[in-house]
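Student: Below is a structure I'd like to ask you about.
The values are calculated or read from the model by the stated rules, or taken from the named source; none is laboratory data. As the structure is a computational prediction, the values presented were derived from the model and not from experiment. Because the Cβ atoms are built from the backbone with ideal geometry, glycine has one as well, and the counts that use them run over all protein chains shown. Surface accessibility is based on the protein's heavy atoms, side chains included, excluding ligands, DNA and RNA. Shrake-Rupley method; radii C 1.70, N 1.55, O 1.52, S 1.80 Å.
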Amino acid sequence: MLDYFVVGLGLAGVTFCETLERSGKTFTVFNDRSQQASKVAGGMYNPVILKRFTMAWNAKEQLAEMLPFYQELEKKLGVTFTEELQVMRRFASVQEQNDWFSAADKSALQPFLSTKINQNKNPNIDAPFGFGEVLGTGKVDCAKVLDTYKKHLEKNDLLCSETFDFNALQVSPNHVRYRDLEAKQIVFAEGFGMHDNPYFNYLPLTGTKGEYLIIRATKLKETKAIKSSIFVIPEGNDLYRIGATYKWKDKTNDPTDVSKRELLEKLNAFITCDYEVVDQLAGIRPTVTDRRPLVGRHPKHENMFVLNGFGSRGVMIGPWASQRLFDFIEDGKPLHPEIDIARFTAKHFLR
């Protein structure tokens, strides 16, 4: 009998599986690649919400666990997928400069916001009010993480590349059975695919579609990530990731002309050199109504759990939330109340 079944192999699935491996637990993963959000994500890790100059929820604690987690995984897999990357917030006015300095005076933000205004030195960017630099930022190549970890699982015969069939799942008090396999626990980490999960689809996972463009701009020559109304993230070889959009009604993974026009309009507002669009990517982020992850035990099945709702910050949240869930299952440590699905479960099941 295995210790765990894990359903889903986005950032939630990868970080939880790796947490299991490091603790010597046995498991099998089921994944059908239907969810694209992790694979197309920009992968930036940044503790500051740059629209409002505020700290992202629980960001300091997540950062402390995130980098060691990915660096250890790089050593294990023999692949590099993390890099330090400066993030520069383009100021649109003197008022934004003043707001930045006010935010930098706050104790929580002091370690992350530089108090120096960086003047624009790139002739292909329009930034007359300069930039503010966010400290301690970088990027994780999410696509490389997922592809490399998938190969690692395949090599060790730990991956079933199939759509999980809920009709084949038998849940007993002490174990779960899926066809001819048995495990003590099952963890669902399906991203937006949770809507098809009959055990957890009562949870308020709304889903937000995000689209990116990949452009080639040979004259831009920018090595830092620029945040204006959108992000411009250098990808190497004169390629840049442009994004992202936030759409609440469209729940498909198909790129759209509407989002392409929106991104190009925002890009053209501050990039002055020529470029060409070489690709467009889309995925549904697993967002939640209260903007907190969905982690915890099913209210009726003691050996069934969920790990979901990371939104647009899966790179940072994944290692932290996976460890919290593991400690909850194995050692009985209480979950952080803001991530525990109990905040929704009682209301739903008492209807």
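Student: Per residue and in Å³, how big is the convex hull formed by the alpha-carbon atoms of the range 102-211?
Tutor: So the per-residue Cα hull volume is 246 Å³.
Student: Which one of Gly318, Gly191, Gly332 has the biggest mean-square fluctuation once the chain is modelled by GNM with Cα springs under 10 Å?
Tutor: Gly332
Student: Only sites in a loop by DSSP and with at most 10 other Cβ atoms within 10 Å count here; which trypsin sites (Lys or Arg not before Pro) in the range 1-87 make the cut?
Tutor: Passing sites in the range 1-87 are Lys51, Arg52.
Student: Under 20 Å between alpha carbons, and skipping anything fewer than 8 positions from Lys155 in its own chain: which aspartates and glutamates qualify?
Tutor: Leaving aside aspartates and glutamates fewer than 8 places away in the same chain, those within reach of Lys155 are Asp3, Glu18, Glu21, Asp32, Glu72, Glu74, Asp147.
Student: Quick one: length gained pulling Gln110 to Asp279 fully straight, 0.36 nm per residue minus the C-alpha distance?
Tutor: 57.1 nm
Student: Which residues does a label at Gln97 reach in the range 104-127, if reach means a backbone N under 20 Å from a point 7 Å past the Cα toward the Cβ?
Tutor: It comes to 104-106, 113-127, nothing else.
Student: If you roll a 1.4 Å probe over the heavy atoms of the protein chains, what accessible area per residue do you get for the chain, in Å²?
Tutor: In whole numbers, the chain has 46 Å² accessible per residue.
Student: If you take P(r) over Cα pairs in 20 Å bins from 0, in percent from the coordinates, which of [x] 29, 56, 15, 0; [y] 22, 27, 9, 17, 20, 6; [z] 33, 62, 5 do you get?
Tutor: So the structure-derived entry is [x].
Student: Next up: Give, as a single signed number, the net charge of other residues whose beta carbon lies under 10 Å from the beta carbon of Val87, with Lys and Arg counted +1 and Asp and Glu -1.
Tutor: Net charge around Val87: +3.
Student: Modelling each spin label as a point 7 Å along the Cα-to-Cβ direction, I'd like the Gln119/Ser229 distance in nm, to one decimal.
Tutor: It works out to 2.8 nm between the two label points.
Student: Given Lys139/Lys249; Lys75/Lys184; Lys121/Lys260; Lys139/Lys184, which pairs have Cα atoms separated by over 32 Å?
Tutor: Lys139/Lys184
Student: Return the percentage of antiparallel bridges among DSSP beta bridges fully within the chain, rounded to the nearest 5 %.
Tutor: Here the share of antiparallel DSSP bridges comes out near 75 percent.
Student: With every protein chain left in place and a probe of 1.4 Å, what is the accessible surface of Met44, to the nearest 10 Å²?
Tutor: 40
Student: Here's another thing I want to ask about it. Using modelled backbone amide H atoms (1.01 Å from N, in-plane), which distant-in-sequence or interchain residues come within less than 5 Å of Val48's amide H?
Tutor: Here the answer is Ala56, since their amide H atoms fall under 5 Å of that of Val48.
Student: While we're on this one: Checking the table Lys116/Lys209; Lys51/Lys150; Lys251/Lys300 against a 32 Å threshold on Cα-Cα, which pairs fail?
Tutor: Listed pairs above 32 Å: Lys116/Lys209; Lys51/Lys150.
Student: For labels at Asp165 and Leu181 in the simple 7 Å Cα→Cβ model, what's the distance in nm?
Tutor: Placing both labels 7 Å along Cα→Cβ, they lie 1.4 nm apart.
Student: Now a separate question. Name the trypsin sites (Lys or Arg not before Pro) in the range 163-252 that are in a loop by DSSP and that have at most 14 other C-beta atoms within 10 Å, would you?
Tutor: Here the trypsin sites (Lys or Arg not before Pro) that fit, given the DSSP loop and packing criteria, are Arg179, Lys219, Lys221, Lys249, Lys251.
Student: Here is a further query. Sticking to Cα atoms, compute the Rg of the range 17-162 to one decimal and its Dmax as the biggest Cα-Cα distance, whole number, in Å.
Tutor: Considering the range 17-162 through its Cα atoms, Rg and Dmax are 19.3, 58 Å.
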